[in-house]
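Notes to accompany the following structure.
The values are calculated or read from the model by the stated rules, or taken from the named source; none is laboratory data. Owing to the predicted nature of the structure, the values given are computational and were not obtained by experimental measurement. Don't worry about glycine lacking a Cβ; one is built from the backbone with ideal geometry, like all the others, and counts go over all protein chains shown. When the accessible area is computed, the model is the full protein with side chains, heavy atoms only, and any ligands, DNA or RNA have been set aside. Shrake-Rupley method; radii C 1.70, N 1.55, O 1.52, S 1.80 Å.
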Amino acid sequence: MAARELTGNVHAVGAIDWDRQMFDELIPTPEGTSYNAYVVQGSEKTALIDTVDPSKEEEFITNLARLGVGTIDYVVINHAEQDHSGSLPILLELFPMATVIATEKGKELISSLLLIPEARVQAVEDGATISLGDRTLEFLHTPWVHWPDTMLTYLREDGILFSCDLFGSHLATSDLYVQDDQAIEQSAKRYFAEIMMPFRHVIGKYIERVERLDLSLIAPSHGPIHDSPPRILDLYRSWISDEVKNEVVIPFVSMHGSTKQMVEHLTEALIERGVHVHPFNLASADTGSIAMALVDAATVVIASPTVLFGPHPKVVYATFLINMLKPKTRCMSIIGSFGWGGKTVQAIVDMLPNIKADMLDPVYIKGQAIEEDLRQLEHLADEILKKHKEYNIV
Ligand code: FEO
């Protein structure tokens, strides 16, 4: 991606990664991503906001050269994860006089992850400012979105908030700014679900702080820039709220069809009762889609056969992920089938200490479902609907 102008003194110098299909070897990125970095040129000093993933450092350095950036006084590292800090070592070789700016925690992480001497890094307090002459950078500490080191950088005179991962999206696009509101809602929601959802309770106070700024742009470090900040702030407000929707997510896997038959019967029973259902076959489902569905769903029903003495390993993976992502789920249950025994239900319950939900009686049966088992699934659908009515979402 060539360097592009945001304002006369601010340029985007990051890189688009069209081909990246997986992040952290965990998060599918079907639409690729970008690593955004920005140069702010004041009347006296020049600052670089974040760097890029090391795989794109050549493109990044080329952008700086083509823009004619001869001096960098400050390199602001909002967050030490390597997709933003990873090109710092080469950058500091090229600009040996540059001072790195980070939070105290960021300083520690930059030093340990990138082996940058701590003497090169200046830690800044929450609310601290740095003058670039006619431009001022203000630093807002925002720990746990999504690492403990994170901060946002606000360019006061231009009203630009460099928000790093917060408000970002894994979306490779040649558009510098958001062009398609529907598309960005989907990709930003996916990003929120995978990265930010476990921290939704702290994000609220950061949004309140951001709202008090005079904002023209929110420039994240992944995906296009928000030139209508209220829109992404509204979306985040709805995602972090405790409000749930009349939706049930059913992650399942089936070995010989018994559990699948149960999932299909429950799905049909829920549809008949006017409840939206998202069954995800874990044999092929993309974990990002499951994470997205978890953002709003009132209920999760985990469906697993018993393998040897416990849940199927694919269900173990999905259950671990659900517990880690801490969705706002209000109601849960477990269904499935066993051959000769095991402790699948208890094993799944034990894997969900972070989920504080109403637990409905499981429907866990021996072998293939008979008429009585199918009636139990219909009863479970009734109980889910009853809960949804209690939550005032039906
Ligand atoms: Fe985009 Fe947490 O790094």
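Computed from the Cα positions only, the extents of the chain along the three principal axes stand at 78, 40, 35 Å, in decreasing order.
Dipole magnitude for the stretch 4-240: computed about the Cα centre from +1 point charges on Lys and Arg Cβ and -1 point charges on Asp and Glu Cβ, it is near 340 debye. The residues of the stretch 248-388 present an accessible area of 44 Å² per residue when probed at 1.4 Å with all protein chains retained. Over the stretch 248-388, the fraction of Cα-Cα pairs per 10 Å bin, rounded to whole percents and listed from the shortest bin up, is 13, 48, 36, 3. For the pair K245 and A123, the difference between a 0.36 nm per residue extended length and the Cα-Cα distance amounts to 39.7 nm.
Amide H contacts of A298 (H built 1.01 Å from N, in plane; Pro and chain starts excluded): K245, E247 sit under 5 Å, all sequence-distant by 5 or more or on other chains.
Where in the stretch 177-271 are there trypsin sites (Lys or Arg not before Pro) that are in a DSSP coil and have at most 14 other Cβ atoms within 10 angstrom of their Cβ? Listed in order of number, the matching sites are R212.
Its Cα gyration tensor gives the stretch 1-128 an equivalent ellipsoid, and the semi-axes of that ellipsoid, as √(5λ) in whole Å with the largest first, are 22, 20, 13. Compared with the dominant principal axis of the Cα atoms in the chain, helix 313-325 is inclined by about 50°. Do any GluC sites (Glu not before Pro) in the stretch 92-154 lie in a loop, going by DSSP, with at most 14 other beta-carbon atoms within 10 Å of their beta carbon, and if so which? Taking the stretch 92-154 and a limit of 14 other Cβ atoms within 10 Å, the loop GluC sites (Glu not before Pro) found are E125. The fraction of accessible area contributed by carbon and sulfur in the chain is 50 percent, rounded to a whole number (1.4 Å probe; ligands and nucleic acids excluded). Between L26 and S131, the contour length at 0.36 nm per residue exceeds the Cα-Cα span by 33.9 nm.
The heavy atoms of E44 offer some 140 square angstrom of accessible surface to a 1.4 angstrom probe.
Along the chain, the exposed loop sites are chymotrypsin sites (Phe, Trp or Tyr not before Pro) outside DSSP states H, G, I, E and B with at most 14 other Cβ atoms within 10 Å, and the longest stretch free of them is 19-308.
For I355, neighbours were defined as the other residues whose beta-carbon sits under 11 Å from its Cβ, and their charges (Lys and Arg +1, Asp and Glu -1) total +3. Charged neighbours of G204, selected by a Cβ distance under 15 Å, balance to +2 (K, R count +1; D, E count -1). A crude spin-label estimate for the pair H201 and E371, with each label 7 Å from Cα along the Cβ direction, gives 4.9 nm. With protein chains left intact and a 1.4 Å probe, residues in the stretch 51-142 average 42 Å² of accessible area per residue. Where Rh is the Kirkwood radius over the Cα pairs of the stretch 345-394, the temperature 20 °C and the viscosity 1.002 mPa s, what D in µm²/s does Stokes-Einstein return? Once the numbers are plugged in, D ends up at 169 µm²/s. Each label was represented as a point 7 Å from its Cα along the Cα-to-Cβ direction; for E211 and E185 these points are 2.0 nm apart. Against the chain, whose longest principal axis is taken from its Cα atoms, helix 371-390 shows a tilt of about 50°. Ordered by solvent-accessible area of protein heavy atoms (1.4 Å probe), largest first, the residues E57, E31 come out as E31, E57.
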